């Protein structure tokens, strides 16, 4: 029963279904759910909502404890500070981390935790490095994810395109999204792997407006230092690359604003 709930987050499952599936009385199912609920809360796995009545049942909402989130971000801060991650232009190599299932699972839980009480219909990202993040987050929110592309694909069918200004180079770029990917009036969460000036994220914001939909929030795995004003003001970052020294190849990385936004400042 625990496994069934974990595999179907944000889905209301009736006591009748569990009773018939496991050939047990509803009273026994209720007792078992109470144990599962308590265990989920104690271990920071998530919230198990139990809804009484004929139309009631149980719904699992994934989450993560503050301690586990802080430990994960501290671990990522340490790993991103490694010298060999420095790339030309002040970027940091992330592909190996975002290819690890253990990291992606934690990233998905951490980001989903921030929007635990928000209505979200879709997770949006831009190809290609943001895709694994979007897929992980969408699995915990149990909603589709959509991929914005910079070049059109014949397999996408008819598309909507928008022009946007790149935040770092200030060049005019184009991005496209299939008309079938996103329903009008959707509540959309934007995620990405790395942000500097915010131009790409701002482009996705414009795309959401083209679909007459609503932006719920913006969360990036890491943000880089940027001189001047970013093109987006409200966003969340798990990590922040404070300083990059290309001469001695050192990287200074700290926690982003996620922990303060979600849990508040850490008590000293």
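Examine segment 106-118 for a residue that is outside any helix (DSSP H, G or I), out of contact with any strand residue (DSSP E or B) (no Cβ under 6 Å at 6 or more places or on another chain) and surrounded by fewer than 16 Cβ atoms within 10 Å (Cβ to Cβ), and state whether such a residue exists. Yes - at least one qualifying residue is present in segment 106-118. Within segment 130-154, the set of residues being within 13 Å of the chain's Cα centre (by Cα) and either assigned to a loop (DSSP other than H, G, I, E, B) or modelled with pLDDT under 95 (or both) comprises 130, 142, 143, 144. Of all the residues in segment 2-20, those that are under 11 Å from residue 60 (Cβ atoms) and surrounded by 16 or more Cβ atoms within 10 Å (Cβ to Cβ) number 4.
Taking segment 169-242 as the region of interest, the strands (runs of 3 or more DSSP E) fully inside it that hold 3 or more residues being surrounded by fewer than 21 Cβ atoms within 10 Å (Cβ to Cβ) are 172-178, 214-224.
Out of 190, 162, 216, report the one residue that is in contact with a strand residue (DSSP E or B) (Cβ under 9 Å, 6 or more places away or on another chain), under 30 Å from residue 86 (Cβ atoms) and touching a residue at least 12 places away in the same chain (Cβ under 8 Å). Matching residue, one of 190, 162, 216: 190.
For the subset of segment 243-253 comprising residues that are in contact with a helix residue (DSSP H, G or I) (Cβ under 7 Å, 6 or more places away or on another chain) and part of a strand (DSSP E or B), which member is farthest from residue 164 (Cα to Cα)?
My answer is 250.
Taking segment 1-59 and the helices (runs of 4 or more DSSP H) fully enclosed by it, the elements with 3 or more residues that are more than 23 Å from residue 106 (Cβ to Cβ) are at 15-22, 26-42. Might you let me know whether segment 62-72 holds any residue that is at pLDDT below 95 and surrounded by 14 or more Cβ atoms within 10 Å (Cβ to Cβ)? The answer is no; no qualifying residue exists. Within segment 255-264, is there a residue that is over 15 Å from the mean Cα position of the chain (by Cα), surrounded by fewer than 21 Cβ atoms within 10 Å (Cβ to Cβ), in a strand (DSSP E or B) and in contact (Cβ under 8 Å) with a residue 40 or more places away in the chain? Checked segment 255-264: at least one residue is over 15 Å from the mean Cα position of the chain (by Cα), surrounded by fewer than 21 Cβ atoms within 10 Å (Cβ to Cβ), in a strand (DSSP E or B) and in contact (Cβ under 8 Å) with a residue 40 or more places away in the chain.
Looking at segment 211-222, can you tell me whether even one residue there is farther than 25 Å from residue 7 by Cα, in the same structural domain as residue 121 (by TED's automatic domain parsing) and modelled with pLDDT under 95? Checked against the condition, which is being farther than 25 Å from residue 7 by Cα, in the same structural domain as residue 121 (by TED's automatic domain parsing) and modelled with pLDDT under 95, segment 211-222 yields no hits at all.
Among residues of segment 5-19 that are free of Cβ contacts under 8 Å to residues at least 12 places away in the same chain, those with a beta-carbon under 7 Å from a residue that is part of a helix (DSSP H, G or I) and surrounded by fewer than 16 Cβ atoms within 10 Å (Cβ to Cβ) at least six positions away or on a different chain give the pairs 19/26. Considering segment 60-91, the residues that are assigned to a strand (DSSP E or B) and free of Cβ contacts under 8 Å to residues at least 60 places away in the same chain include one that is nearest to residue 8 (Cα to Cα), namely 60.
The values are calculated or read from the model by the stated rules, or taken from the named source; none is laboratory data. Quantities reported herein were computed from a predicted structural model and do not represent experimental measurements. Note that each Cβ is placed from the backbone with ideal geometry, even for glycine, and that neighbours are counted across all protein chains shown.
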